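First up is the structure itself, then whatever we jot down about it.
The values are calculated or read from the model by the stated rules, or taken from the named source; none is laboratory data. All figures in this text were calculated on a predicted structure; none of them were measured in a lab. Positions of Cβ are backbone-derived with ideal geometry, glycine not excepted, and every protein chain shown enters the neighbour counts.
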Amino acid sequence: MGTILFRKIFTWALPFLYGTDIGGLGRGDWGTTACMLLAGGCVIGLSLTLLKNLGSGETRFHGPADVIHSILERDGRMPVGQAISSAIVSSIAISFAAPVGRYGPAVHLGASLGSLVGQWLKIGRSGVQTLLAAGVAAAIGASFDAPIAGVLFAHEVMIGHFALRAFAPVTVAAIVGTAVARAWHYDYFLLSGHSAEVPFELPQLPWFALIGLAGGFLSIGLMWTTIHCGRLATSLKIPIPLQPVLAMAITAGIAAFAPEILGLGEELVGTSMAMTPVTDHLGAGALALLGLAAAKLVASAACLGLRIPGGIFAPALFIGTMLGSAAAQVIDAPYAICTLVGMGAVISSVVGAPLATILIVFELTGNYEAATAAMVGVVVANAVVTRVFARSFFHRQLREWKVNLDRSPEARLLSRRTVSEIMLDKPVSTLPEASFEEVQKLAAANDGLEVFLTDKDGRLTHLIQPCDLLARWDTPPEELQNLKAHDLAKPLRGYLAADMSLRVALKGVQNFRGVALPIVGDTDSMQLVGQVTEADFIRAYNDAVSEAHAERS
């Protein structure tokens, strides 16, 4: 329902603002179009100001990368308020014909609603992540009328693995999302692409691989330009509320020569997916089609990089379709196949979903030949993009945010727990003036663990190890009576802070020799608050391994 309502907003608002539907964008007076684009930039800039001052203090709207981030670092917990505001402002951006997509906001909204239900039900970390993935699958199923692709997308891109326990709820959600969309007569615009088999010959496969290679480099161009537009705006210290206005000004300038780049670009893509050559629609050759792809790339990258909310899927779809249509003008291969190969190559590289993209091609066309050819282009494109740039645009965003994507699941789980969760909160301690007999009794009562020395204010100063007591076994009793704790004490060999993550703490104890480590409240006060043993760390690590395995089983 969220995906449908999101779409309803801009399908109603765009004709109201421009006096035409999506297909008629850019056909009117350019001056009017430019003014509307600039007005849209002002509205989005104002929304960013309100978001910062009245909301969470953030200076950007969220998207699919934040969904992945929440799974990796926040146990799948997402603020639904940010999702609603992002969806609303994204629909405003599309209503003003910004060249951004609608699928990213839909995915983010579906994930946030799923996360909200999971948190409300209090079903634990794994359950929250499963319902988050179910929300994503429902959004994709409703958006594309492709439930199988929705299931694969949720596992492949968002969760990052194929968990058996999540498969059933995610599948049900994708089917229900698709059914609701059909009940509302919400058909994806590419459904006209259903066709009979379009055969190709084996000698044509290298051409499809070349289209995939070109699609890979175009994908890199789209993602690189988007990232660096944001970097450039930051380095030039362009005020955040003015960045969307600048993006819309760039879009208006490009639209003066290529109005087809405005909005979602669905009319041109739909014409192509209906197996009708784009040249019949535009009267354009291969160079003109590549020019349209380049224009869309620059305009979309400027908007996405300069904080206009929206998805990157639709721009990638447009660029890939233009690439495939241009390739069909110069190579001896079926037009429909070339177009689908170009589309699949760019989309899969940008969103990091090769399997889901191949399934989308098949579900939308019902064409085995097309899916086989698209698979060639998808594999080549993803091989290039993964090696040269990143697994996807979302992964590159996460790296820009300094999120470590290379950590193992066990390391992530340990990062979320602190030393205070596994420590014994009643450490054995005494004052430096304590007698040998008192220290000996404390050590015996503590199963032979270390005895820690603190001053009168409870600050950790030294420690006494069991071996220090054993070394005195042959000391005459009269001498032992005169020994004090400070005579037996050694300088601290190490200690941990209570708020330190277990992942960091494990690195700190790798070279530790002893039985127990003291825990301090913080390194400034040095207040002794607990102790932890090697067995406690081993138990915590085993728990992380078991939990990570359970998530994937």
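For the range 326-375, name all the residues that are of a type in the set (Val, Ile, Thr) and under 30 Å from the mean Cα position of the chain (by Cα).
Matches in the range 326-375: Thr339, Val341, Val346, Ile347, Val350, Val351, Thr357, Ile358, Ile360, Val361, Thr365, Thr372.
Got at least one residue in the range 151-161 being under 28 Å from Thr271 (Cβ atoms), outside any helix (DSSP H, G or I) and in contact with a helix residue (DSSP H, G or I) (Cβ under 9 Å, 6 or more places away or on another chain)?
No, that holds for no residue.
Determine whether the range 219-240 contains at least one residue that is in the same structural domain as Ile319 (by TED's automatic domain parsing), over 20 Å from Arg399 (Cα atoms), assigned to a helix (DSSP H, G or I) and modelled with pLDDT of 95 or more.
No - not one qualifying residue is present in the range 219-240.
Could you grab me the full set of residues in the range 495-514 that are aliphatic (A, V, I, L, M) and touching a strand residue (DSSP E or B) at 6+ places or on another chain (Cβ under 8 Å)?
The answer is Leu496, Ala497, Ala498, Met500, Leu502, Ala505, Val509.
Tell me, please, whether a residue that is within 18 Å of Ala336 (Cβ to Cβ), of a type in the set (A, V, I, L, M) and either modelled with pLDDT under 85 or in contact with a strand residue (DSSP E or B) (Cβ under 7 Å, 6 or more places away or on another chain) (or both) can be found in the range 251-269.
yes
What are the residues in the range 79-137 that are touching a residue at least 12 places away in the same chain (Cβ under 8 Å) and not in a helix (DSSP H, G or I), if any?
Pro79, Phe96, Ala97, Ala98, Pro99, Val100, Gly101, Arg102
Among the listed residues Leu37, Leu48, which satisfies the condition of being at pLDDT 75 or above, in a helix (DSSP H, G or I), under 26 Å from the mean Cα position of the chain (by Cα) and assigned by TED's automatic domain parsing to the domain that holds Leu131?
That would be Leu48, the only listed residue that is at pLDDT 75 or above, in a helix (DSSP H, G or I), under 26 Å from the mean Cα position of the chain (by Cα) and assigned by TED's automatic domain parsing to the domain that holds Leu131.
Would you call Asp145 closer than 30 Å to Glu410 by Cα and of a type in the set (Asp, Glu)?
no
Determine, yes or no, whether Arg387 is within 17 Å of Phe217 (Cα to Cα) and either outside the structural domain of Ala65 (by TED's automatic domain parsing) or under 45 Å from the mean Cα position of the chain (by Cα) (or both). Walk me through it before giving the result.
Details: within 17 Å of Phe217 (Cα to Cα): yes; either outside the structural domain of Ala65 (by TED's automatic domain parsing) or under 45 Å from the mean Cα position of the chain (by Cα) (or both): yes.
Yes; evaluated as a whole, the condition is true for this residue.
In this structure, is Ala328 assigned by TED's automatic domain parsing to the domain that holds Ile92 and free of Cβ contacts under 8 Å to residues at least 60 places away in the same chain? Talk me through it step by step, then tell me what you get.
Numbers: assigned by TED's automatic domain parsing to the domain that holds Ile92: yes; free of Cβ contacts under 8 Å to residues at least 60 places away in the same chain: yes.
Spelling it out, Ala328 is indeed assigned by TED's automatic domain parsing to the domain that holds Ile92 and free of Cβ contacts under 8 Å to residues at least 60 places away in the same chain.
Any idea which residue in the range 484-496 is surrounded by the fewest Cβ atoms within 10 Å (Cβ to Cβ), counting only those that are in a loop (DSSP other than H, G, I, E, B) and not basic (Lys, Arg)? Before the answer, list the steps.
Restricting attention to the range 484-496, the residues satisfying the condition of being in a loop (DSSP other than H, G, I, E, B) are 489, 492-495.
Cutting the leftovers down to not basic (Lys, Arg) gives us 489, 492, 494-495.
Values: Ala489: 20, Leu492: 16, Gly494: 13, Tyr495: 17.
By that ranking, first place goes to Gly494.
Return yes when Val128 is surrounded by fewer than 18 Cβ atoms within 10 Å (Cβ to Cβ) and either over 17 Å from Pro354 (Cβ atoms) or of a type in the set (D, E, K, R) (or both) and no when it is not.
In short, no.
Take the range 497-553 and flag every residue that is exposed (fewer than 12 other Cβ atoms within 10 Å of the Cβ), assigned to a loop (DSSP other than H, G, I, E, B) and among the β-branched types (Val, Ile, Thr).
Thr523 - this is the single residue of the range 497-553 that is exposed (fewer than 12 other Cβ atoms within 10 Å of the Cβ), assigned to a loop (DSSP other than H, G, I, E, B) and among the β-branched types (Val, Ile, Thr).
Test each condition in (1) aliphatic (A, V, I, L, M); (2) farther than 20 Å from Leu405 by Cα; (3) surrounded by 24 or more Cβ atoms within 10 Å (Cβ to Cβ) for Ala133 and report the one that comes out false.
(2)
Just need a number here: residues in the range 361-409 that are β-branched (Val, Ile, Thr) and within 22 Å of Met158 (Cβ to Cβ).
6
Say we look at the range 457-483 and pick out the residues that are of a type outside the set (S, T, N, Q), part of a strand (DSSP E or B) and modelled with pLDDT of 80 or more; which of these is farthest from Val529 (Cα to Cα)?
His462
Filter the range 425-456 down to the residues that are touching a residue at least 40 places away in the same chain (Cβ under 8 Å) and part of a loop (DSSP other than H, G, I, E, B) and list them by number.
Correct list: Asp425, Lys426, Pro427, Val428, Leu431, Pro432, Glu433, Ala434, Gly448, Leu449, Glu450.
Would you confirm whether any residue within the range 90-107 is at pLDDT below 90 and surrounded by fewer than 17 Cβ atoms within 10 Å (Cβ to Cβ)?
No: zero hits.
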